[in-house]
1. Would you pick out the residues in the stretch 134-178 that are on the phi > 0 side of the Ramachandran plot and surrounded by fewer than 18 Cβ atoms within 10 Å (Cβ to Cβ)?
2. Mind counting the residues in the stretch 96-123 that are assigned to a helix (DSSP H, G or I) and either basic (K, R) or touching a strand residue (DSSP E or B) at 6+ places or on another chain (Cβ under 8 Å) (or both)?
3. Quick one: would you say V116 is more than 24 Å from A26 (Cα to Cα), of a type in the set (A, V, I, L, M, F, W, C), at pLDDT 90 or above and surrounded by fewer than 21 Cβ atoms within 10 Å (Cβ to Cβ)?
4. Go through (1) free of Cβ contacts under 8 Å to residues at least 24 places away in the same chain; (2) surrounded by fewer than 21 Cβ atoms within 10 Å (Cβ to Cβ) for S128 and report which single condition fails.
5. Out of (1) assigned to a helix (DSSP H, G or I); (2) surrounded by 19 or more Cβ atoms within 10 Å (Cβ to Cβ); (3) within 23 Å of the chain's Cα centre (by Cα), what's the single condition that is false for T19?
6. Can you go through G106, G70 and tell me which one is closer than 19 Å to Q162 by Cβ, modelled with pLDDT of 90 or more and out of contact with any His (no Cβ under 7 Å at 6 or more places or on another chain)?
7. Is it fair to say V265 is within 28 Å of L12 (Cβ to Cβ), modelled with pLDDT of 95 or more, part of a loop (DSSP other than H, G, I, E, B) and of a type outside the set (S, T, N, Q)?
8. Please pick out the residue among A250, A192 that is under 22 Å from E150 (Cα atoms) and surrounded by fewer than 18 Cβ atoms within 10 Å (Cβ to Cβ).
Amino acid sequence: MQNANANGSLKLVAIGGGTGLSTMLAGLKHFVGARSEEIWIDSLSAIVTVSDDGGSSGRLRDELQMLPPGDIRNCMIALSEDSTLLARLFRYRFRGSGDLGGHSFGNLFLAALTDVTGDFVEAVRLSSEVLASKGHIFPATINDVRLVAELEDGREVHGETQITAAHSRIRRLRLVPEECLPLPEALAAIRAADVITIGPGSLYTSIIPNLIVSSVAEAIGDAGATKIFIANLMTQPGETDGYGFREHLATVRHYAPQIHFDYTVINDRAISTDQAKTYAADGAVQVLMEKTTDANACDAGIEVVCADLLDDGEMVRHNSERLARVVIACAADDRAKKLAQTDMLTVN
């Protein structure tokens, strides 16, 4: 890789949001500083969407005029030691129907620290230090952005929650304000990265919002990093109904044509019959690689990596360890290819 050190260390940037990003970070953190591995992560950064307007995050956003902390809190927990008391506290959600009911302790901690420091980004940094997180976490933008979707049925809906609830195909997604800016530190991490991953996560509410922040897609496209797209396991009811792998990748290409992926990673193990029935009741189906219909989706040199990435349990989730190992394997493979190309040029 262009920026990879000879000793096998990597600078990795993961972009996304929701459960998908935090699940992957939970696996990648075990490679941070793991010099016993052939390739390890020297610097791990996450760029996280901040367009959530539901639940505890939405309430804090409206009441305190702060960025939604939920996805960022989940990423901090994922990068911390799972067994620590602080990590358990950050996961804790208050019960009951009073003012505290439904709020996460981690969200409230971030809200209080933001008020004390006067800076959400500084609050995230300090909270990560408190949790001894094995990485850097950057909000996609510090602007107060809202998602707006123009639907195929002609409606225009505002806010992540309403977009998901609309149950109509999305014709166009945009941020308001459209000229929102990324953190300079996030752009610097992208430019210095050896590996950039995009996904998994809700396509229109976790992945695309990061890519339409001003300058982000351009920075990713210009970076010399190995770029990896990680496909979702299931469709998202109200967002990607009827989408297969091809439609997911094509949508990312539509909003971020500057990005050329070197690899795309997709699960190839079928979910159980019981899981399929449970998810079908909510309108979700599994996303699998269809060799005949998806053949043209991965042209132009994109290598498709299929693997068993399912976790055990009733919920359909990525296995964080398996997913992380596949990402690291892609990085190792690309590095070997580029080193071989360099050796050939040297010989010639």
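The values are calculated or read from the model by the stated rules, or taken from the named source; none is laboratory data. Computed from a predicted model, the values in this text were never measured in an experiment. All Cβ positions, even for glycine, are placed from backbone atoms using ideal geometry, and neighbour counts span all protein chains on display.
1. G154, H167
2. Counting residues in the stretch 96-123 that are assigned to a helix (DSSP H, G or I) and either basic (K, R) or touching a strand residue (DSSP E or B) at 6+ places or on another chain (Cβ under 8 Å) (or both) gives 3.
3. yes
4. The number of the failed condition is (1).
5. (2)
6. Working: G106 fails: closer than 19 Å to Q162 by Cβ.
Answer to the selection: G70.
7. Details: within 28 Å of L12 (Cβ to Cβ): yes; modelled with pLDDT of 95 or more: yes; part of a loop (DSSP other than H, G, I, E, B): no; of a type outside the set (S, T, N, Q): yes.
Taking the combined requirement at face value, the residue does not satisfy it.
8. Of the residues listed, the single one that is under 22 Å from E150 (Cα atoms) and surrounded by fewer than 18 Cβ atoms within 10 Å (Cβ to Cβ) is A250.
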